[in-house]
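**Q** Structure in structure tokens, see below.
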Amino acid sequence: MSAARQPAHFTRLEDLSDREIEDVLDLAARLKRGVSRAELAGITVGLLFFRPSLRTRTSLEVAMHQLGGHTVNLNAASDFWELEARDARLMDGAAPEHIKDAAAALSCYVGAIAIRPALAGKSWAVDRKDEQIRSWTQHSRVPVINMESALWHPLQALADLMTLRESLGELQGKRLTIAWTQSPTPSSPSVVHSMLMAGLRAGMNVRVAHPPGFDLDEEVLRNARNIAQGRGASLETGMEMKTAAEGSHVIYARSWWSLETYGKASLAAQRGARQGHWCVDDGVMELGQDTRLMHCMPVRRNLEVTDRVLDGPRSLIIDQAANRLPTQKSLLSLLLRNG
């Protein structure tokens, strides 16, 4: 008997080759124009949420419905329990079940498992390992899809690439500014990490604007510099917002945690409160070249980005949200129709 074929997981954008990204985006464009069929009839995707979700959950449910398939939604807070990710552990703590067993069981019922894992929030050195996602991919017998971990949000990156192409056309040589913004509830740098990689792989020149102490993950930046060098693109980090915005075609606004104070709530709050005015307003937008505004949402209006910019003609935030549907339909189709 031949060995079972390993499932194709999608946990970060790097799981797709350049050609595969092109295939996803090309099919997404056709699906958005209304070319669709029930090609995933009879297939169910399990959605496991250890954290809240609005756009990701809704768009994945609708995507599977439009492709003729189904979803089963499980929320850790109400539908099941904490799961252990680490191997060879004496399980005398809060988790009554290991991912190894949960993954094997769920693989009997569904054609894919999509996970939004919990973050311990105590140590970046621990959370950045994405142990839960890694454990699911190790033990699942069906494809695993990352619905946003500590390090990556690849589903958002696909929608953002589609939005950039629709707005700018050819991306090679275009200038993308990723700008840290003020927020009392910053997020993980997962969206920013994925957007950074997506932009550089598309040949964009990327600037990252943020205050001191808000540097992105060191390993991610190291890999990003290697990609930039290989694609003939540029990467600049640690810039002031207005300097980074000069000549930009796109400003991607997003608040993220200081990884230096990760897990230290009072110190993080003090550092965040001292950063001053990091908000994308008309003055920032006017520094670029017919600059577009992107933000994955949720967005704190008039703190991260002003109403005038968010509701203005160059805001792409609703396009980004809308493109979650065709890109996820495309990804699901390509992952599962030949599974």
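The values are calculated or read from the model by the stated rules, or taken from the named source; none is laboratory data. These numbers come from a predicted model, not from an experiment. Positions of Cβ are generated from backbone atoms using ideal geometry, with glycine treated the same way; all protein chains shown enter the neighbour counts.
**Q** In segment 178-207, what count of residues is obtained for those that are within 17 Å of the chain's Cα centre (by Cα) and outside any loop (DSSP other than H, G, I, E, B)? Even if it seems obvious, please write down each step before you answer.
**A** First, the residues of segment 178-207 that are within 17 Å of the chain's Cα centre (by Cα): 178-180, 186-202.
Now restrict to residues that are outside any loop (DSSP other than H, G, I, E, B): 178-180, 187, 190-201.
Total meeting the criteria: 16.
**Q** Restricting to segment 150-177, name every residue that is assigned to a loop (DSSP other than H, G, I, E, B) and touching a residue at least 12 places away in the same chain (Cβ under 8 Å).
**A** If the condition is that a residue be assigned to a loop (DSSP other than H, G, I, E, B) and touching a residue at least 12 places away in the same chain (Cβ under 8 Å), then Ala150, Leu151, Trp152, His153, Leu171, Gln172, Gly173, Lys174 are the ones that fit.
**Q** Give the residues of segment 112-130 that are under 17 Å from the mean Cα position of the chain (by Cα) and of a type outside the set (Gly, Ala, Ser), sorted by residue number.
**A** First, pick out the residues of segment 112-130 that are under 17 Å from the mean Cα position of the chain (by Cα): 113-119, 127-130.
Matches in segment 112-130: Ile113, Ile115, Arg116, Pro117, Leu119, Asp127, Arg128, Lys129, Asp130.
**Q** Please report, ordered by residue number, the strands (runs of 3 or more DSSP E) entirely within segment 231-339 with at least 2 residues that are in contact with a helix residue (DSSP H, G or I) (Cβ under 7 Å, 6 or more places away or on another chain) and either aromatic (Phe, Trp, Tyr) or closer than 21 Å to Ser167 by Cβ (or both). Talk me through it step by step, then tell me what you get.
**A** Working: elements: 235-239, 250-254, 292-294.
In segment 231-339, 250-254, 292-294 are the strands (runs of 3 or more DSSP E) which contain 2 or more residues that are in contact with a helix residue (DSSP H, G or I) (Cβ under 7 Å, 6 or more places away or on another chain) and either aromatic (Phe, Trp, Tyr) or closer than 21 Å to Ser167 by Cβ (or both).
**Q** Can I ask one more? Kindly indicate whether Leu48 is in contact with a helix residue (DSSP H, G or I) (Cβ under 9 Å, 6 or more places away or on another chain), in a loop (DSSP other than H, G, I, E, B), touching a residue at least 24 places away in the same chain (Cβ under 8 Å) and surrounded by 14 or more Cβ atoms within 10 Å (Cβ to Cβ). Break it down into steps so the answer makes sense when it comes.
**A** Working: in contact with a helix residue (DSSP H, G or I) (Cβ under 9 Å, 6 or more places away or on another chain): yes; in a loop (DSSP other than H, G, I, E, B): no; touching a residue at least 24 places away in the same chain (Cβ under 8 Å): yes; surrounded by 14 or more Cβ atoms within 10 Å (Cβ to Cβ): yes.
Here the answer is no, as Leu48 does not meet what is asked.
**Q** Sticking with this one: Does segment 34-49 contain any residue that is touching a Pro at 6+ places or on another chain (Cβ under 8 Å), outside the structural domain of Asp160 (by TED's automatic domain parsing) and under 22 Å from Met297 (Cβ atoms)? Reasoning before the result, please.
**A** Taking segment 34-49 and keeping what is touching a Pro at 6+ places or on another chain (Cβ under 8 Å), we get none.
No, segment 34-49 contains no residue that is touching a Pro at 6+ places or on another chain (Cβ under 8 Å), outside the structural domain of Asp160 (by TED's automatic domain parsing) and under 22 Å from Met297 (Cβ atoms).
**Q** What is the one condition in (1) over 20 Å from the mean Cα position of the chain (by Cα); (2) over 30 Å from Val305 (Cβ atoms) that Gln172 does not satisfy?
**A** Against the list (1) over 20 Å from the mean Cα position of the chain (by Cα); (2) over 30 Å from Val305 (Cβ atoms), Gln172 comes up short only on (2).
**Q** Return yes or no: is Ser107 modelled with pLDDT of 95 or more, assigned by TED's automatic domain parsing to the domain that holds Lys329 and out of contact with any strand residue (DSSP E or B) (no Cβ under 7 Å at 6 or more places or on another chain)?
**A** Working: modelled with pLDDT of 95 or more: yes; assigned by TED's automatic domain parsing to the domain that holds Lys329: yes; out of contact with any strand residue (DSSP E or B) (no Cβ under 7 Å at 6 or more places or on another chain): yes.
Answer is yes for this residue.
**Q** Scan segment 58-71 and tell me whether some residue there is in contact with a Ser or Thr (Cβ under 7 Å, 6 or more places away or on another chain), surrounded by 20 or more Cβ atoms within 10 Å (Cβ to Cβ), assigned to a loop (DSSP other than H, G, I, E, B) and in the same structural domain as Ala103 (by TED's automatic domain parsing).
**A** Yes: one or more hits.
**Q** Taking the options Arg207, Arg292, name whichever one is in contact (Cβ under 8 Å) with a residue 60 or more places away in the chain and surrounded by 15 or more Cβ atoms within 10 Å (Cβ to Cβ). Show your work before the answer.
**A** Values: Arg207 fails: in contact (Cβ under 8 Å) with a residue 60 or more places away in the chain.
Every option except Arg292 fails the conditions.
**Q** Among the listed residues Ala29, Ala38, Ala77, identify the single one that is in contact (Cβ under 8 Å) with a residue 60 or more places away in the chain and either part of a loop (DSSP other than H, G, I, E, B) or closer than 19 Å to Ala322 by Cα (or both). Talk me through it step by step, then tell me what you get.
**A** Working: Ala38 fails: in contact (Cβ under 8 Å) with a residue 60 or more places away in the chain; Ala77 fails: in contact (Cβ under 8 Å) with a residue 60 or more places away in the chain.
Answer to the check: Ala29.
**Q** Out of Pro298, Pro326, Pro313, report the one residue that is of a type outside the set (Val, Ile, Thr) and more than 20 Å from the chain's Cα centre (by Cα).
**A** Numbers: Pro298 fails: more than 20 Å from the chain's Cα centre (by Cα); Pro326 fails: more than 20 Å from the chain's Cα centre (by Cα).
Being of a type outside the set (Val, Ile, Thr) and more than 20 Å from the chain's Cα centre (by Cα) holds for just one of Pro298, Pro326, Pro313, which is Pro313.
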